[in-house]
Amino acid sequence: MSFPSSRLSRFLFRTRRWIVAPAALLVLAGCASTTEITTRHSQDTAPSPARSLLLVAQSPEPATRHVWEEVCQPIFQGSALSVHLAHQVRPIWYEDGGKQGLLRWLHDQPYDRALIVDLTALLLAPPRMTESRDLNPINSDMRQEPTWRIGIGGKLEKPKEPDAQQSYEAEFFDKSGRPLWTGVARTHEANNRKAIARSQCRALHQVLTDRGLIPK
């Protein structure tokens, strides 16, 4: 069966439209946040929205702090809000006084708000290897974790993997160290620091904007 060129062109155009439409929906779906925010405390009377914000990832791992803060900065940054990163302006705060020391230091700084998210419980799931990967420990450049452990009484036990949904404390402070909002971020990501940060900060940005704590 043959098609005239005009009919064939129309057929191909319609086919491409049906292929492109689902792909576009997948892209939009991928932009949705996978974090749920639960508010624990919020000031009854909200102060004026922040003009400058310090983003703080609380973690013993410098790499985690750097990634989280750098990924979140453009999410919060806007014409009415300047955003600064704790690992750049006070890189050793975690070892030098911890969170309370950071809040005392904040008194004399030009930032009028601080958002601190506690990532100390962050556990990344081990990477999944394809079947073609050489699993011989002698030839492998990766540390292999045991697949099974022998427990009490000779019972085989499978090692626990990180929960796919992890919870993180989030706190929003003013210059004096007073909490204006506190909550819990539950994130449905387990393998990628950037994905976790992006998901959390999109959700936190929405909550803090809705409450008038940061400008829209």
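The values are calculated or read from the model by the stated rules, or taken from the named source; none is laboratory data. All of these numbers come straight from a predicted model, not from anything done at the bench. Virtual Cβ from ideal backbone geometry, glycine too; neighbours counted across all protein chains shown. Side chains included, ligands, DNA and RNA excluded: accessible areas come from the protein's heavy atoms. Shrake-Rupley method; radii C 1.70, N 1.55, O 1.52, S 1.80 Å.
If you go through the range 98-123 one residue at a time, how many are loosely packed, with under 13 Cβ neighbours inside 10 Å, over 18 Å from residue 60 (Cβ atoms) and without any contact (Cβ under 8 Å) to a residue 40 or more places away in the chain?
Summing the residues that are loosely packed, with under 13 Cβ neighbours inside 10 Å, over 18 Å from residue 60 (Cβ atoms) and without any contact (Cβ under 8 Å) to a residue 40 or more places away in the chain in the range 98-123 gives 1.
Go through the range 52-85 residue by residue and tally those that are within 14 Å of the chain's Cα centre (by Cα) and either assigned to a helix (DSSP H, G or I) or surrounded by fewer than 19 Cβ atoms within 10 Å (Cβ to Cβ) (or both).
Residues that pass the stated criteria total 14.
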Q: For residue 28, indicate whether it is touching a Cys at 6+ places or on another chain (Cβ under 6 Å) and either open to solvent by less than 40 Å² (accessible area, probe 1.4 Å) or at pLDDT below 90 (or both).
A: no
Counted residues in the range 183-201 being under 18 Å from residue 116 (Cβ atoms) and more than 8 Å from the chain's Cα centre (by Cα) come to 4
Flagged in the range 86-114 as in a helix (DSSP H, G or I) and of a type in the set (S, T, N, Q), in numbering order, are 88, 100
Subset of the range 191-203, residues aliphatic (A, V, I, L, M) and either under 18 Å from residue 62 (Cα atoms) or touching a helix residue (DSSP H, G or I) at 6+ places or on another chain (Cβ under 8 Å) (or both), comes to 195, 196, 197
